[in-house]
1. Hey, any hits in region 222-232 for a residue that's modelled with pLDDT under 95, over 24 Å from the mean Cα position of the chain (by Cα) and β-branched (V, I, T)?
2. Need a quick list: helices (runs of 4 or more DSSP H) entirely within region 1-76 having at least 3 residues that are at pLDDT 90 or above, closer than 20 Å to A93 by Cβ and of a type outside the set (K, R).
3. Under 28 Å from A83 (Cα atoms) and either in a helix (DSSP H, G or I) or touching a Pro at 6+ places or on another chain (Cβ under 9 Å) (or both): which single residue out of V193, V197, V159 fits that description?
4. If you go through region 131-156, how many residues are in contact with an Asp or Glu (Cβ under 7 Å, 6 or more places away or on another chain) and under 26 Å from T80 (Cβ atoms)?
5. How many residues are over 15 Å from L178 (Cβ atoms) and either touching a residue at least 40 places away in the same chain (Cβ under 8 Å) or small (G, A, S) (or both) when one looks only at region 114-151?
6. Taking the conditions exactly as written (buried (at least 17 other Cβ atoms within 10 Å of the Cβ) and more than 23 Å from N258 (Cα to Cα)), does C163 satisfy them or not?
Amino acid sequence: MTDEDKKFLEAAMADAFSQIEDPNKIMGEAIGQIKAADRSDESISTALEIIDRCCDDPDCARNCEKLDGLQPLLDLLSTTNDAIRDRSLEIFALLFSNNPNIQEAGVRRGALDIFLGLVRESGAGSDTRSKAFRALVALMRNVQAFEEQFLKEKDGINVIISCLEPSDLRLCEKAASLIRSLADNERLRAEDVTLLVAALTPLMSTVGTGQIQYRETLSSCITQLAKDFSVSNAELKVAAEHRLKELPAAADEDADANERANLQEFLSFVSTGATAAA
């Protein structure tokens, strides 16, 4: 976004919030702006920024469907303007996060298939793919019916595996976080875990190239799988052992403490499982 565009958006938002105190009313007007017959890319962008700020108020997020906001936002995802599409996906991730009523409304309006389509069709490493996956996760997270629909009806395991792409570690981190959550929620089957572990193993072999949050998420993911299932992949065990040896010795201010603890716990679970099997 150019400096001129940023100044325009900031001025438009300041004007909107200075005139109306009720954030629900502000959000309703922004939704009306998106639906307006004379809308432009600039007016839509302004409306999206206003909706984003309104989502800071949990009440606004809960009222999005009552304000007839979900469908207009979903319609924006078919636009040819990449910036508008991607900004809309970011807002969906905010709207659906820990918001069961809006998650239900989103699924009812077909958001699951729309997000899946964007994940599958968008190029590897693209912002659209990453943001569509984030919105998809927010839509179904911690709702049993939606998570099971994703896994059983939408080829969810292969969708996740397709996102474990070493060229996009941000997306890998989101996919690993989803795997960990699904395991913790007891949504995965043993055969699912076998496929996921095979896809995670190459990432563990190069985990040291990622940022700290990525390393912590990936190591906690394999630990959760080892805790809940009998993970017996020898290559993954070797990769975890190698990474543990790479980590520097513990210090008072230890940035690697969580990753180290995760790897140690993973190896403990693997060792216990091997002993039990023997």
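1. Scanning region 222-232 turns up at least one residue that is modelled with pLDDT under 95, over 24 Å from the mean Cα position of the chain (by Cα) and β-branched (V, I, T).
2. Fully inside region 1-76 and qualifying: 23-35, 41-54, 70-76.
3. Details: V193 fails: under 28 Å from A83 (Cα atoms); V197 fails: under 28 Å from A83 (Cα atoms).
One residue alone meets the criteria, V159.
4. Number of matching residues: 1.
5. Here is the first cut: in region 114-151, the ones over 15 Å from L178 (Cβ atoms) are 114, 117-118, 120-128, 145.
In the following step, the residues that additionally are either touching a residue at least 40 places away in the same chain (Cβ under 8 Å) or small (G, A, S) (or both) were identified as 114, 117-118, 120, 122-128, 145.
Residues meeting the conditions: 12.
6. yes
The values are calculated or read from the model by the stated rules, or taken from the named source; none is laboratory data. Nothing here was measured: the structure is a model prediction, and the numbers come from that model. Quick reminder, even Gly has a Cβ in these numbers, built from the backbone with ideal geometry, and neighbours come from all protein chains shown.
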